[in-house]
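Derivation of every value follows stated rules applied to the coordinates shown; laboratory data play no part. This structure is a prediction, so every number in the text was calculated from the model and none was measured. Reconstructed Cβ throughout: ideal geometry from the backbone, glycine too, with neighbour counts over all protein chains shown.
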Amino acid sequence: AQSVTQLDSHVSVSEGTPVLLRCNYSSSYSPSLFWYVQHPNKGLQLLLKYTSAATLVKGINGFEAEFKKSETSFHLTKPSAHMSDAAEYFCVVSDFPGGGADGLTFGKGTHLIIQP
Amino acid sequence: DGGITQSPKYLFRKEGQNVTLSCEQNLNHDAMYWYRQDPGQGLRLIYYSQIVNDFQKGDIAEGYSVSREKKESFPLTVTSAQKNPTAFYLCASSEAGRFTEAFFGQGTRLTVV
């Protein structure tokens with residue numbers, strides 16, 4: 001069985017300061033892990049994904065995440081927040097052996113607020 | 001442009017009515033999915049289809065029905081049996097295979113009036 005826990009429902013940072021969104025997972029297999037971003041009343045856009053290659057994954061818009069197997073974590077970071085980063089962020093895990101997005105488990109989301 | 005198109009963006013339903021949400025993709029993906037999103041609950045899988053003319057129930061299929069007559073299309077019907085249908089509905093598609101990510105449409109917000 002797999003699960004994912006986003007440790008903060010809301011995170012507030014000032015523009016120009018670093019962003020850290022925390023995600024822990026559990027998995028029976030070697031997981032694949034994703035971060036998605038959702039702006040209000042929009043669909044989800046993939047930020048980055050981990051697929052058992054490099055443990056530090058770089059994504060779009062300056063975001064990156066590090067896969068730490070020993071800590072079962074996949075935290076999302078960005079060195080300097082921008083106002084346009086304000087959105088909902090979802091950590092997603094899949095350890096479905098056959099692959100496919102039907103095996104995805106979504107976290108409950110972290111709402112990122114950027115203060116001017 | 002390749003992508004997934006959901007329509008309508010907003011939909012209002014009276015009690016006891018069935019409504020159908022449209023989802024079309026031109027990404028040539030075999031697999032398509034419907035998710036329901038409620039505030040603070042993440043996304044929950046309603047139905048998915050790995051191939052034309054075949055589909056499986058997800059975690060919350062009760063009160064919903066789907067069809068997959070064409071590779072490009074995966075409409076979702078919210079029936080009167082769904083007791084709490086007000087939600088944001090997201091359609092997605094993906095390629096087959098491990099490590100595949102889902103590509104999402106822009107969503108349909110359904111409100112019961």
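Looking at this structure, is residue B:49 surrounded by 14 or more Cβ atoms within 10 Å (Cβ to Cβ) and over 27 Å from residue A:91 (Cβ atoms)? Judged against the criteria, residue B:49 is not a match. For the stretch B:76-108, the set of residues classified as at the interface with chain A (Cβ under 7 Å from one of its Cβ atoms), touching a residue at least 60 places away in the same chain (Cβ under 8 Å) and within 19 Å of residue A:42 (Cβ to Cβ) consists of B:90, B:92, B:94, B:102, B:104, B:105, B:106, B:107, listed by residue number. Go through the stretch A:20-50 and give me each residue that's within 9 Å of chain B (Cβ to nearest Cβ), buried (at least 17 other Cβ atoms within 10 Å of the Cβ) and either polar (S, T, N, Q) or closer than 15 Å to residue A:2 by Cβ (or both). The answer is A:32, A:34, A:38, A:50.
Residue-wise test of (1) within 14 Å of chain A (Cβ to nearest Cβ); (2) of a type in the set (Gly, Ala, Ser); (3) on the phi < 0 side of the Ramachandran plot; (4) touching a residue at least 60 places away in the same chain (Cβ under 8 Å).
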residue: B:5; (1), (2), (3), (4): yes, no, yes, yes
residue: B:20; (1), (2), (3), (4): no, no, yes, no
residue: B:34; (1), (2), (3), (4): yes, no, yes, no
residue: B:63; (1), (2), (3), (4): no, yes, no, no
residue: B:68; (1), (2), (3), (4): yes, no, yes, no
residue: B:74; (1), (2), (3), (4): yes, no, yes, no
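Here is the figure for the stretch A:5-55: residues that are outside any loop (DSSP other than H, G, I, E, B), more than 14 Å from residue A:68 (Cα to Cα) and not hydroxyl-bearing (Ser, Thr, Tyr) total 15.
Only one entry in A:40, A:79, A:31 is in contact with a Pro (Cβ under 6 Å, 6 or more places away or on another chain) and of a type outside the set (Phe, Trp, Tyr), namely A:79.
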